[in-house]
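Q: After the C-alpha cells below, expect a handful of questions from me.
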Amino acid sequence: MRNLIIFFRNYFNFLFFLLIEIVCFTIFLRDNSFQRSAFLNSSNAVTGKLYQKYNDIQYYFQLKSTNDSLVQENARLRNRLLSDYDRPDTGSLQVTDTGLGRKFVWLPAKVVNNSVNNANNYITLHRGRNQQVFPNMGVMSPSGVAGIVRSVSGNYAVVMSLLNKQTSISARVDSGYTGSVVWSPLLDGAHGILKDIPRSARVKTGDAVVTSGFSTLFPGGIPVGYVDRITDDPSSNFHTIRIRFATNFYNLQYVYVIRNLKGDEKNKLESTEAP
Amino acid sequence: MSELLKNIFRFILLILLQVFVLNRILIHQIVNPYIYMVFILVLPFRIQRPLLILCGLALGLTMDAFMNTMGMHAIACVLIAYLRPFIINILAPQGGFEMVQKAPSFRTMGVAQFSVYTLILVSIHHVVYFTLEVFGFAGFFYLLLKILLSVMVSTGLILLYEMLFVSRRRG
C-alpha cells in the first residue's frame with residue numbers, strides 16, 4: 001500500500017496528464033458521431049454572440065457583393081412568376097389546385113461565422129431551435145448548396161459546409177447520372193469532387209451539377225456546381241470530376257435553411273425496409 | 001498588474017487575436033498559423049505542473065469551442081503543457097534559469113534558447129493538431145508540407161509577438 005502511494009506521488013504529473021488527455025480524446029472521438037450536443041462549439045451562447053458581434057462590423061465590407069447575389073437571385077425568381085407567362089384567355093380551364101401539399105419550407109438565416117481554410121469547415125448561423133432549425137436540414141446560399149445543419153442551440157446553428165471531409169451531397173449531372181459531391185483538404189474553397197459517375201456517362205466541362213432530390217435534405221435541381229476538369233484514371237470505372245462550387249464560400253452572408261416537412265416520413269419508411 | 005491578472009488578460013487577447021485576426025487571413029489553403037499557444041509558452045517558470053496542464057486544457061477547449069474542432073486543440077495544448085518543463089530543463093544552462101517570479105522570454109532565456117524552445121513546442125503542437133485534423137486522410141506529403149509551412153509561419157509570428165509586446169517592457 002505504501003509503495004502504491006509512493007508510486008502515485010512520484011508519477012502524479014504523468015498520470016494527471018494521461019487522465020486529461022484521455023478526457024480530450026473522448027471528446028474528440030465522440031465528435032465523429034453525427035449528432036452531438038451544442039455545448040463545445042460555435043453555437044453556444046458565448047461564442048455565437050461573439051461571432052455575431054464581429055459579423056455586425058465585418059458585414060459592411062461585403063455589402064456590395066451580398067447585394068449583387070441577392071439581386072441576381074431575385075431576378076431569377078421573378079422570371080418564374082406566373083405573371084410572366086401567357087395563360088389561356090378563358091376562365092373555363094381554371095383549376096383551383098388544392099391537391100398540392102407543401103413539402104419544403106425555406107427559412108432565411110444570417111451567417112455569423114464561416115471558415116474556408118481548415119480541413120473541416122463550419123458555418124455558424126444566427127438561427128436555432130427557437131426558429132425551427134434542427135440537425136440534418138439542408139442549407140442553401142442564394143446561388144447554390146452550402147451545407148448541412150449539424151447541431152443547434154436556442155438561437156444558433158452550426159452547419160457543416162460543403163468544405164468539410166464529412167459532407168457528401170447526392171448530385172446529378174446533366175446527362176442524368178447520379179453521384180456524390182465531396183471535398184478534401186487538398187482542394188481550395190472553390191472546388192470539390194464529384195465521384196461515382198460511371199465512365200459511360202457523357203460529361204463535359206461546364207455542365208451543371210445539381211442536387212438529385214434523392215435525399216430529404218434538398219429539393220431536386222438546386223445547383224451544386226459546374227464541371228471544371230475531368231481527369232480519368234484508366235483503371236477506374238468512374239469519372240474523376242473536379243467541380244467549381246456554385247456557392248462562393250469566401251463571402252457568404254445569407255443562406256436559406258431548408259425544412260423538409262415530409263422528410264421524417266420518408267426516412268422512417270426507408271429505415272424499416274433497409275435496416 | 002499582478003501575474004494572474006496579466007495572464008488572464010493575455011489568454012483573452014490571444015484567443016481573440018487568433019479567432020478574429022489570424023483565422024480570417026487566408027494566406028493559403030496550406031498555411032494555417034496558430035499563435036494562441038504563446039499563453040502556455042510564457043506562463044511563469046514556477047507554475048505547478050498540474051496547474052500548467054489545466055491551463056493547457058482550458059486554452060485548448062476555448063479554442064475548440066470557437067473553431068468547432070471538438071478536442072483537437074485541447075489534445076495538442078495539453079501535450080505541450082505537459083512537455084514544457086522537460087524542454088525548459090533541456091535548454092536550461094547549468095544551475096537553471098533565473099526562476100524567481102520570471103516567465104520564459106527573450107530576456108530570461110536568451111534569444112537563441114527562447115527561439116529553439118518556441119520552435120520545439122510549436123512543432124509538437126502543429127504535428128499533433130494537423131495530424132488529428134486530417135485524420136484518416138491519405139495525403140501524407142500534403143500533411144508534411146502543411147505542418148512544415150505552418151510551423152515556420154507560426155514560429156515567426158510568435159517571435160515577432162514576443163519582440164513587440166514583451167521584450168520592450170523593462171522590469
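The values are calculated or read from the model by the stated rules, or taken from the named source; none is laboratory data. The model shown is predicted, which means the values in this text are computed figures rather than measured ones. Ideal geometry is used to build each Cβ from the backbone, glycine not excepted, and the neighbour counts take in all protein chains shown.
Q: I'm trying to understand the selection: among the residues of segment A:114-166, which are part of a loop (DSSP other than H, G, I, E, B) and charged (D, E, K, R)? Please lay out each step first, then the result.
A: Start the filter on segment A:114-166 by keeping residues that are part of a loop (DSSP other than H, G, I, E, B), which leaves A:115-119, A:126-128, A:132-137, A:142-143, A:153-156, A:165-166.
Once the filter is applied, which keeps residues that are part of a loop (DSSP other than H, G, I, E, B) and charged (D, E, K, R), segment A:114-166 yields A:R127, A:K165.
Q: Hey, any hits in segment A:193-201 for a residue that's without any contact (Cβ under 8 Å) to a residue 24 or more places away in the chain and closer than 26 Å to A:Y256 by Cβ? Please lay out each step first, then the result.
A: Filtering segment A:193-201 down to residues without any contact (Cβ under 8 Å) to a residue 24 or more places away in the chain leaves A:200.
Still in the running and closer than 26 Å to A:Y256 by Cβ: none.
No.
Q: Now for a different question. Under 7 Å between Cβ atoms, at least 6 apart or on separate chains: pull out the pairs that start in segment B:67-79 with a residue that is at the interface with another protein chain (Cβ under 7 Å from one of its Cβ atoms) and under 7 Å from A:C24 (Cβ atoms) and end on any residue that is assigned to a helix (DSSP H, G or I) and charged (D, E, K, R).
A: B:G71/B:D64; B:A74/B:D64; B:I75/A:E21; B:V78/A:E21
Q: Considering only residues that are more than 10 Å from chain A (Cβ to nearest Cβ) and either touching a helix residue (DSSP H, G or I) at 6+ places or on another chain (Cβ under 6 Å) or crowded, with 16+ Cβ neighbours inside 10 Å (or both), which ones fall in segment B:132-147? Please lay out each step first, then the result.
A: The first filter runs over segment B:132-147 and keeps only residues more than 10 Å from chain A (Cβ to nearest Cβ), leaving B:140-141, B:144-145, B:147.
Residue satisfying the conditions is B:I147 alone.
Q: Does A:P234 qualify as being surrounded by fewer than 16 Cβ atoms within 10 Å (Cβ to Cβ) and either in contact with a His (Cβ under 9 Å, 6 or more places away or on another chain) or at pLDDT 90 or above (or both)? Can you show your working first?
A: On the way: surrounded by fewer than 16 Cβ atoms within 10 Å (Cβ to Cβ): yes; either in contact with a His (Cβ under 9 Å, 6 or more places away or on another chain) or at pLDDT 90 or above (or both): no.
Taking the combined requirement at face value, the residue does not satisfy it.
Q: Would you mention how many residues in segment A:165-214 are among the hydroxyl-bearing types (S, T, Y) and under 26 Å from A:Y250 (Cβ atoms)? Quick ask: steps written out before the conclusion?
A: As a first pass, look at segment A:165-214 and keep what is among the hydroxyl-bearing types (S, T, Y): A:167-168, A:170, A:175, A:177-178, A:180, A:184, A:200, A:205, A:211-212.
Of the ones still in play, those that are also under 26 Å from A:Y250 (Cβ atoms) are A:167-168, A:170, A:180, A:184, A:205, A:211.
Count: 7.
Q: Sticking with this one: Filter segment B:1-31 down to residues that are within 20 Å of A:T124 (Cα to Cα) and not hydrophobic (A, V, I, L, M, F, W, C) and give me whichever is modelled with the lowest pLDDT. Spell out how you get there, then give the answer.
A: Of the residues in segment B:1-31, the ones within 20 Å of A:T124 (Cα to Cα) are B:15-26.
Applying the additional criterion that residues be not hydrophobic (A, V, I, L, M, F, W, C) yields B:18, B:23-24.
On the way: B:Q18: 92, B:N23: 85, B:R24: 82.
Taking the candidates together, the pick is B:R24.
Q: Also: Residues B:L13, B:L59: which one is surrounded by fewer than 19 Cβ atoms within 10 Å (Cβ to Cβ), more than 9 Å from chain A (Cβ to nearest Cβ), free of Cβ contacts under 8 Å to residues at least 60 places away in the same chain and not in a strand (DSSP E or B)?
A: Only one candidate passes the filter, namely B:L13.
Q: May I ask you to verify whether B:I53 is among the aliphatic types (A, V, I, L, M), closer than 20 Å to A:G189 by Cβ and facing chain A (nearest Cβ under 10 Å)? Give the steps one after another, and end with the answer.
A: Values: among the aliphatic types (A, V, I, L, M): yes; closer than 20 Å to A:G189 by Cβ: no; facing chain A (nearest Cβ under 10 Å): yes.
So B:I53 fails the test.
Q: Which condition does B:T69 not pass, out of (1) of a type outside the set (A, V, I, L, M, F, W, C); (2) in a helix (DSSP H, G or I); (3) buried (at least 23 other Cβ atoms within 10 Å of the Cβ), if it passes all the others?
A: In the conditions (1) of a type outside the set (A, V, I, L, M, F, W, C); (2) in a helix (DSSP H, G or I); (3) buried (at least 23 other Cβ atoms within 10 Å of the Cβ), B:T69 misses (2) alone.
Q: Restricting attention to segment A:4-50, and to residues there that are within 8 Å of chain B (Cβ to nearest Cβ) and in a loop (DSSP other than H, G, I, E, B), which single residue is modelled with the highest pLDDT?
A: A:N44
Q: Another question, then. Restricting to segment A:246-275, name every residue that is more than 14 Å from A:V139 (Cα to Cα) and hydrophobic (A, V, I, L, M, F, W, C).
A: The first filter runs over segment A:246-275 and keeps only residues more than 14 Å from A:V139 (Cα to Cα), leaving A:250-251, A:261-275.
Those that are more than 14 Å from A:V139 (Cα to Cα) and hydrophobic (A, V, I, L, M, F, W, C): A:L261, A:L269, A:A274.
Q: Just checking, does segment A:147-154 include any residue being touching a Phe, Trp or Tyr at 6+ places or on another chain (Cβ under 9 Å), away from chain B (no Cβ under 14 Å), in contact (Cβ under 8 Å) with a residue 24 or more places away in the chain and not hydroxyl-bearing (S, T, Y)?
A: no
Q: Okay, next question. Is there any pair linking a residue in segment A:2-17 that is surrounded by 11 or more Cβ atoms within 10 Å (Cβ to Cβ) and of a type in the set (S, T, N, Q) to one that is modelled with pLDDT of 85 or more and assigned to a helix (DSSP H, G or I), with Cβ under 6 Å and at least six apart or on different chains, and which?
A: Listed pairs, sorted by first residue: A:N13/B:R49.
Q: Condition first: in contact (Cβ under 8 Å) with a residue 60 or more places away in the chain and not in a loop (DSSP other than H, G, I, E, B). Can you find one or more residues in segment B:40-49 that meet it?
A: Looking for residues that are in contact (Cβ under 8 Å) with a residue 60 or more places away in the chain and not in a loop (DSSP other than H, G, I, E, B), one finds at least one in segment B:40-49, hence yes.
Q: Determine whether segment B:18-31 contains at least one residue that is in contact with a helix residue (DSSP H, G or I) (Cβ under 9 Å, 6 or more places away or on another chain) and closer than 26 Å to A:N13 by Cα.
A: Looking through segment B:18-31, none of the residues is in contact with a helix residue (DSSP H, G or I) (Cβ under 9 Å, 6 or more places away or on another chain) and closer than 26 Å to A:N13 by Cα.
Q: Sticking with this structure for a sec: Can you tell me which residue in segment A:158-195 is farthest from A:F245 (Cα to Cα), limited to those that are under 12 Å from the mean Cα position of the chain (by Cα), away from chain B (no Cβ under 12 Å) and buried (at least 23 other Cβ atoms within 10 Å of the Cβ)?
A: If we take residues in segment A:158-195 being under 12 Å from the mean Cα position of the chain (by Cα), away from chain B (no Cβ under 12 Å) and buried (at least 23 other Cβ atoms within 10 Å of the Cβ), then A:I169 is farthest from A:F245 (Cα to Cα).
Q: Right, here's the next one. Mind checking which residues of segment B:34-50 are within 13 Å of chain A (Cβ to nearest Cβ) and either among the polar types (S, T, N, Q) or more than 28 Å from A:N117 (Cα to Cα) (or both)?
A: Filtering segment B:34-50 for residues within 13 Å of chain A (Cβ to nearest Cβ) gives B:34, B:47-50.
Answer for segment B:34-50, where residues must be within 13 Å of chain A (Cβ to nearest Cβ) and either among the polar types (S, T, N, Q) or more than 28 Å from A:N117 (Cα to Cα) (or both): B:I47, B:Q48, B:R49, B:P50.
Q: Another question, if that's okay. Restricting segment A:113-129 to residues that are of a type in the set (S, T, Y) and under 12 Å from the mean Cα position of the chain (by Cα), which is nearest to the other protein chains (Cβ to nearest Cβ)? Spell out how you get there, then give the answer.
A: The initial filter retains those residues of segment A:113-129 that are of a type in the set (S, T, Y), namely A:115, A:122, A:124.
Narrowing the set further to residues that are under 12 Å from the mean Cα position of the chain (by Cα) leaves A:122, A:124.
Values: A:Y122: 4, A:T124: 8 Å.
That would be A:Y122.
Q: Do we find a residue being at pLDDT 85 or above and away from chain B (no Cβ under 13 Å) anywhere in segment A:76-84? It would help to see each step written out before you state the result.
A: At the first step, the residues of segment A:76-84 found to be at pLDDT 85 or above are none.
Within segment A:76-84, none of the residues are at pLDDT 85 or above and away from chain B (no Cβ under 13 Å).
Residue by residue, here is whether (1) surrounded by 10 or more Cβ atoms within 10 Å (Cβ to Cβ); (2) at pLDDT below 75; (3) closer than 23 Å to A:Q52 by Cβ holds:
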{"residue": "A:D86", "(1), (2), (3)": "no, yes, no"}
{"residue": "A:D89", "(1), (2), (3)": "no, yes, no"}
{"residue": "A:K103", "(1), (2), (3)": "yes, no, no"}
{"residue": "A:N117", "(1), (2), (3)": "yes, no, yes"}
{"residue": "A:Y122", "(1), (2), (3)": "yes, no, yes"}
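Q: Criterion first (within 13 Å of chain A (Cβ to nearest Cβ) and of a type in the set (G, A, S)) does B:A92 satisfy it?
A: Values: within 13 Å of chain A (Cβ to nearest Cβ): no; of a type in the set (G, A, S): yes.
In short, no.
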